[in-house]
Each structure stands twice: as structure tokens, then as C-alpha cells.
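*Asks:* Please find one structure pasted underneath; my questions will follow.
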Amino acid sequence: DDPFGYLAGQGGRVSHETATTDTLTASQNGMTLFYNNAASVTVTLPAIQPGLEYELVRVGDEEFVIVSPTADNVIVGNDLSADGVTVTTAGEHLGARFRVRSVYVSTTLKWLIEGPLTLFGTGTATITYAINS
């Protein structure tokens, strides 16, 4: 039994979401969540704890926001104390993929947002995103 409750080896756990706001839970740890709707989506991470990891994929072409419920505990884009990240440019939202996991920086637990990881294809551009601070 893993002390962090990670459900490794149980196959890909996937959820298809259509809400415009979603607050993740610790029980969704290890899941890939696909966000598909015709409006902006704001995903709020759960209260941080060791061992949490998510993969978030935008499958609609509207703004995609990922934020922490606690200020200044996100690592992204040359910032060790951000609040989250927003994919900002129309036409670049579709296929935006982020891996989010909790990590220790010295003795402080922070969210590490890795990405944007993008699909490849003809005419694919680099995804433009803003750091929320």
C-alpha cells in the first residue's frame, strides 16, 4: 500500500469534463482529465498534499485556467511563487496539455505545472500562456 494513495498500475484513469469550473479532489489523483466545452474553463487544484499528480487536457478552443486554492505555491515559467497559469490565445487552446504534481522545494510543498505539452500536427504553433501571480 502506497503511503500517498497513488493508484499506479490500475490503468489509465480518465474523466471527460464539461463544466466551466472544476475543483479537483485528492481522490482524482493520477487521473487524466479532458475538458471539452464551448466556454472558458477554470480548474482549481485541491489543497496541496504530497504525492498528488494530474494531467489536464483542453479539448475545446476557449481559455484554459489552472489555479491553486492557495496563493504563491505554484512553480511555472521561471516563477517559484505563482498562483497558476492561463492559456490565453484563441486557436491555441485545443490540445493544450499540462502535467501538475506536488513537489517539495526544500521543506515547502508546491505545485509544479509542467507544460504546455502539445499535440503535434500541421500548422501547430507554440501555445501562449500567462502566469497568474
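*Asks:* Is there a residue in the stretch 89-96 that is farther than 24 Å from Phe34 by Cβ and either in contact with a Pro (Cβ under 8 Å, 6 or more places away or on another chain) or assigned to a loop (DSSP other than H, G, I, E, B) (or both)?
*Replies:* Here is the first cut: in the stretch 89-96, the ones farther than 24 Å from Phe34 by Cβ are none.
Checked against the condition, which is being farther than 24 Å from Phe34 by Cβ and either in contact with a Pro (Cβ under 8 Å, 6 or more places away or on another chain) or assigned to a loop (DSSP other than H, G, I, E, B) (or both), the stretch 89-96 yields no hits at all.
*Asks:* Let me spell it out: the conditions are (1) more than 11 Å from the chain's Cα centre (by Cα); (2) modelled with pLDDT of 95 or more; (3) small (Gly, Ala, Ser), and Ser68 meets all of them except one. Which number is the exception?
*Replies:* Here Ser68 meets the rest and fails (1).
*Asks:* Here's another thing I want to ask about it. Inspect all residues belonging to the stretch 25-38 and state whether any of them is free of Cβ contacts under 8 Å to residues at least 24 places away in the same chain and outside any loop (DSSP other than H, G, I, E, B).
*Replies:* Here is the first cut: in the stretch 25-38, the ones free of Cβ contacts under 8 Å to residues at least 24 places away in the same chain are 25, 27.
This time we only want the ones that are outside any loop (DSSP other than H, G, I, E, B), so: 27.
The answer is yes; a qualifying residue exists.
*Asks:* For residues that are aromatic (Phe, Trp, Tyr) and within 26 Å of Val105 (Cα to Cα), tally how many sit in the stretch 24-59. Give the steps one after another, and end with the answer.
*Replies:* Going residue by residue through the stretch 24-59, those that are aromatic (Phe, Trp, Tyr) are 34-35, 54.
If we keep only those that are within 26 Å of Val105 (Cα to Cα) as well, we get 54.
Residues meeting the conditions: 1.
*Asks:* Just to check your reading of the model, which residue among Ala19, Ala96, Ala47 is out of contact with any strand residue (DSSP E or B) (no Cβ under 6 Å at 6 or more places or on another chain), open to solvent by less than 60 Å² (accessible area, probe 1.4 Å), without any contact (Cβ under 8 Å) to a residue 60 or more places away in the chain and not basic (Lys, Arg)? Before you say what the answer is, go through the steps one by one.
*Replies:* Values: Ala96 fails: out of contact with any strand residue (DSSP E or B) (no Cβ under 6 Å at 6 or more places or on another chain); Ala47 fails: open to solvent by less than 60 Å² (accessible area, probe 1.4 Å).
After applying the criteria, what remains is Ala19.
*Asks:* Considering only residues that are open to solvent by 70 Å² or more (accessible area, probe 1.4 Å) and either touching a strand residue (DSSP E or B) at 6+ places or on another chain (Cβ under 7 Å) or at pLDDT 85 or above (or both), look in the stretch 22-44 and name the one that is farthest from Thr88 (Cα to Cα). Before you say what the answer is, go through the steps one by one.
*Replies:* Within the stretch 22-44, the first condition is being open to solvent by 70 Å² or more (accessible area, probe 1.4 Å), and the residues that meet it are 23, 27, 36, 38.
Checking which are either touching a strand residue (DSSP E or B) at 6+ places or on another chain (Cβ under 7 Å) or at pLDDT 85 or above (or both) leaves us with 23, 27, 36.
Working: Thr23: 20, Ser27: 29, Asn36: 16 Å.
That would be Ser27.
*Asks:* Name the single residue, out of those in the stretch 75-93 being surrounded by 20 or more Cβ atoms within 10 Å (Cβ to Cβ) and without any contact (Cβ under 8 Å) to a residue 40 or more places away in the chain, that is nearest to the chain's Cα centre (by Cα).
*Replies:* His93
The values are calculated or read from the model by the stated rules, or taken from the named source; none is laboratory data. As the structure is a computational prediction, the values presented were derived from the model and not from experiment. As a convention, Cβ positions derive from the backbone with ideal geometry for all residues, glycine included, and neighbour counts pool all protein chains shown. We work out accessible area using only protein heavy atoms, side chains counted, and drop any ligands, DNA or RNA first. Shrake-Rupley method; radii C 1.70, N 1.55, O 1.52, S 1.80 Å.
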